[in-house]
Amino acid sequence: MSCEHESGSLPIPPLETRGRHVFPHNVSFRTANWVATRIPEDVDGYDVVIAFSISKWIHLNGGDAALVTFFRRVYDVLKPGGMFVLEPQAWDTYAKAKRMDESTSVYIPQRLRENAKKLKLRPDDFENILGTIGFGPAERFGDFGVR
């Protein structure tokens with residue numbers, strides 16, 4: 001349940017009153033090909049890195065190596081005690097992504113279909129890969145869409 005549904009809209013305090021280092025002014029969002037590109041904010045590190053519904057697309061676009069690179073980058077930029085929140089997509093959703101084409105009004109480049117054929121890693125392997133990189137044990141918060 002969201003805060004808004006529970007308590008109504010929460011006012012955002014003016015920046016001048018609270019400062020740049022106080023929520024919500026200390027949260028920002030950026031789009032980037034983070035596997036291939038470093039961004040200025042990486043230097044300071046992060047308390048939390050959230051990866052909702054993107055591991056499949058990193059995997060399909062860049063293969064096993066890109067996914068492992070992504071996980072290593074997350075580990076490298078997390079501050080001590082930081083948290084990585086990962087929502088891995090189930091393997092069966094990869095097959096659905098490979099089948100999309102113009103007939104479904106979503107174009108998936110042939111490159112993704114070809115990459116998918118070469119994938120050796122599966123979402124069930126991610127926890128072991130993360131452990132090898134240096135992450136602590138995973139904590140599961142449930143499955144998406146399951147009530």
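Structural remarks
- By average C-beta atoms within 10 angstrom, highest first, the peptides 63-69, 43-49: 63-69, 43-49
- Sequence ranges 73-82, 116-125, 21-30, ranked by mean other-Cβ count within 10 angstrom, highest first: 73-82, 116-125, 21-30
- Within the straight-line cut-off of under 20 Å between alpha carbons, the lysines reachable from Lys96 are Lys56, Lys117, Lys118, Lys120, sequence neighbours fewer than 8 places apart in one chain being disregarded.
A short reminder: the numbers here are calculations on the coordinates, not readings from a lab. Note that this is a predicted model, so its numbers are computed, not measured. Every residue, glycine among them, receives a Cβ derived from its backbone with ideal geometry; neighbour counts consider all protein chains shown.
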